[in-house]
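Worksheet: one structure, shown below.
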Amino acid sequence: MTSTAGTFCYIDPEYQQTGMLGIKSDVYSLGIMLLQIITARPPMGLTHHVESSIENGTFKEMLDPQVTDWPVEEALVFAKLALQCAELRRKDRPHLGQILPELNRLRELAEESLMGRIMPSYSPYVSSYHQDVMSDQPSFGSTRSRTSSTSSNYSK
């Protein structure tokens, strides 16, 4: 049996009316959190403010000002997905199976963007340190061995 916990703004509005939880109750909460990620604003009234900004053409002003280089079009896609998740009626919310592919696509775009900033173009001279940082798997000459050899060079 599932018991509820949480803050009012994140709780499925239909749960508040019916007392019944479902998977799409979590989808509602996810939508609110996704909006908070891109806006850095509190959840109270957030869906209304984001929807209004999209309608008024001021969406860019809703984005977290601490991030100076938002890809606005992709952030807009993200916001629209989050708004779908935060629909008041469960039947209007997407299933997790519909959400995950889009989130994965946006994650891949973010990773590509990050890679472009760290290593703007491929070079055969990219250090093995950068290759280790960019991969999850240590390679030959891993950071640990370089660190210990570097520290031993300084101690001589």
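The values are calculated or read from the model by the stated rules, or taken from the named source; none is laboratory data. The shown structure was predicted, so the numbers you read here are calculated from the model rather than taken from an experiment. Because the Cβ atoms are built from the backbone with ideal geometry, glycine has one as well, and the counts that use them run over all protein chains shown.
Kindly establish whether L81 is under 17 Å from E102 (Cβ atoms) and touching a residue at least 40 places away in the same chain (Cβ under 8 Å).
yes
Looking only at residues that are acidic (D, E) and surrounded by 13 or more Cβ atoms within 10 Å (Cβ to Cβ) in the stretch 83-110, which one is farthest from L30 (Cα to Cα)?
Once the filter is applied, the top-ranked residue is E102.
Given the criterion under 30 Å from L34 (Cβ atoms), of a type in the set (S, T, N, Q) and either at pLDDT below 85 or touching a Pro at 6+ places or on another chain (Cβ under 9 Å) (or both), identify the matching residue among S139, S128, S145, S135.
S135
So which residues in the stretch 23-60 are closer than 17 Å to C85 by Cβ, among the small types (G, A, S) and surrounded by 15 or more Cβ atoms within 10 Å (Cβ to Cβ)?
Within the stretch 23-60, S25, S29, G31 qualify.
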